[in-house]
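These notes are about the structure you will find just below.
Derivation of every value follows stated rules applied to the coordinates shown; laboratory data play no part. Remember, it's a predicted structure, so these values are computed and weren't measured experimentally. Using ideal geometry, Cβ is built from the backbone for each residue, glycine included, and neighbour counts are taken over all protein chains shown.
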Amino acid sequence: MVSSRIRVIYGDTDQMGVVYYANYLRYFEAGRSEFIRAKGLRYRDFEEAFGLLLPVAEASVSYKVPARYDDLLDLEVSLGEVRRASARFDYRLLREGTLLATGHTVHACVDGEGRVHRLPPALLEKLTAGEAPGPA
């Protein structure tokens, strides 16, 4: 699991001062990027090294308590299930220990034309270091 912090900016909120629902997916993306960086990778490096992409094939958010402007949020990201050609990332968003939202994204491994490919072993080795992923 990798944790990162996010400060809610005014532009992330709606007219009620609550974080707009779709922005949680942006937070998940930021946390996922930090997770990958903590594993010694960057998306850009992955794309250049393997000629592959990891688009989102599925996304889910379960909202518990609203986040608001200027909140300092803690985002926990872990690698969930890993399959031959996809990986699932799980998210927990908290404010001072209170769970605000949970969610996940599933990423397919595809080439530039959208053809599905196996996740490269070198990528799997880095992503799973220190993690307990689900079945392959």
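Annotation: the residues SER62, SER33, sorted from fewest to most other C-beta atoms within 10 Å of their own C-beta, follow the order SER62, SER33. Name all residues of segment 79-103 having a backbone nitrogen under 14 Å from the label point set 7 Å from the Cα of VAL18 along its Cα→Cβ direction, giving them as ranges. Under 14 Å, as judged by backbone N against the label point of VAL18, lie 100-101 of segment 79-103.
For the residues TYR21, TYR10, what sequence is obtained by ranking on other C-beta atoms within 10 Å, fewest first? Show your work: numbers first, answer last.
Working: TYR21 12, TYR10 8.
Listing TYR21, TYR10 from fewest to most nearby Cβ atoms yields TYR10, TYR21.
Spin-label model, GLU96 to SER62: label points 7 Å out along the Cα-to-beta-carbon direction sit 2.5 nm apart. Rounded to the nearest whole Hz, the Karplus-based 3J(HN,Hα) values (6.51 cos²θ - 1.76 cosθ + 1.60, θ = phi - 60°) of segment 6-13 follow the sequence 9, 9, 6, 8, 4, x, 7, 9, with x at glycine and proline. Helix screen, the chain: no DSSP H segment has Cα axial length of 15 Å or more and mean Kyte-Doolittle hydropathy at least 0.0. Counting 0.36 nm for each residue step from VAL116 to ASP74 and taking away their Cα separation leaves a gain of 11.8 nm. Amide H to amide H distances under 5 Å link ASP71 with VAL8, where only residues 5 or more positions off or on other chains count and H is placed in the peptide plane. Between ARG7 and ALA129, full extension at 0.36 nm per residue minus the direct alpha carbon distance yields a gain of 41.1 nm. Distance between the 7 Å Cα→Cβ label points at ARG42 and GLU81: 3.2 nm. For the chain, a simple Cβ point-charge model (Lys and Arg +1, Asp and Glu -1, everything else neutral) yields a dipole of about 180 debye relative to the Cα centre. Residues SER86, SER60, ranked from the fewest to the most other C-beta atoms within 10 Å, line up as SER60, SER86.
Could you work out [θ]222 nm for the chain from helices alone, using -39500 (n - 2.57) per DSSP H run of at least four and dividing by all its residues? Round to the nearest 500 deg cm²/dmol.
My calculation for the chain gives -7000 deg cm²/dmol from helical runs alone.
Entry note, segment 2-128: relative contact order of 29 percent, from Cα contacts under 8 Å with a spacing of 6+ residues.
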